[in-house]
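Here is the structure we will look at, set down as structure tokens.
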Amino acid sequence: MTNDHYVCPVCGYPNLFRQPWNEHLRNPSFEICPCCGIQFGDQDYPLGTTDIKERFDAVQGFHNRWRDQWISNGMLFKHIAERPEGWNPIKQLQSISY
């Protein structure tokens, strides 16, 4: 990603400072998304499997559930002090595939 920013795979927030997970789903960033509030490597850590497909499915499933909960709770920006001016959660969600 350009400008050393990454996109949250849960809500599409475009300004994460670190890649949430590496390509093998090891070494999570432990960064907290200021928009949806997920902490990568904490809530979404795939316990009990070393198979990459199983790890991917577990992480993706958790992200889907976290996204659904965030949407059903009104798509509130968790850290209001960091909310960008003109923030639009619908447009942000459209930037990711889910």
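The numbers here are math on the coordinates, done by the rules we state, and not lab data. It should be emphasised that the depicted structure is a prediction, and the values quoted were computed from it without experimental measurement. So basically every Cβ, Gly included, is an ideal-geometry build from the backbone, and we count neighbours across all protein chains shown.
Can you give the local net charge around Cys36? Use residues other than it whose beta-carbon is closer than 14 angstrom to its beta-carbon, Lys and Arg +1, Asp and Glu -1.
On the way: positive: Arg65, Arg67, Lys78, Arg83; negative: Glu31, Asp42, Asp44, Asp68, Glu82.
So the surrounding residues net to -1.
Among Pro89, Trp66, Cys8, which residue has its Cα furthest toward the positive end of the charge dipole of the chain, with +1 on Lys/Arg Cβ and -1 on Asp/Glu Cβ?
Pro89
Quick check: the distance between the Cα centres of the stretch 47-98 and the stretch 8-27, to the nearest angstrom?
What the calculation gives is 10 Å, centre to centre.
Around Gly61, under 13 Å between beta carbons, what's the net of Lys plus Arg minus Asp minus Glu among the other residues?
Once all neighbours under 13 Å are counted, the net charge is 0.
Normalised by the empirical 2.2 N^0.38 Å for globular proteins, what value does the Cα Rg of the stretch 2-94 take? Kindly include the intermediate steps, with their values, before the conclusion.
Details: Rg = 13.3 Å, N = 93, 2.2 N^0.38 = 12.3 Å.
Cα-based Rg divided by the globular estimate yields 1.08.
Run the numbers on the stretch 2-94 and let me know its relative contact order in percent, using alpha-carbon pairs under 8 Å that are six or more apart. Each step should come with its number before you reach the end.
Values: 112 pairs, mean separation 24.8, N = 93.
It rounds to 27 percent for the stretch 2-94.
Determine the calculated [θ] at 222 nm for the chain from helices alone, applying -39500 (n - 2.57) to every DSSP H run no shorter than 4 residues and normalising by the residue count; nearest 500 deg cm²/dmol. Working shown, then result.
Details: 2 runs with 27 residues, N = 98.
Per the formula, -9000 deg cm²/dmol.
Can you tell me the orientation of helix 52-72 relative to the chain, as the angle in degrees between its alpha-carbon axis and the longest Cα principal axis, to the nearest 10?
The two axes meet at around 30 degrees.
With labels modelled as points extended 7 Å from the Cα through the Cβ direction, what inter-label distance (nm, one decimal) is found for Ile90 paired with Gln19?
Placing both labels 7 Å beyond Cα along the Cβ direction yields 3.4 nm.
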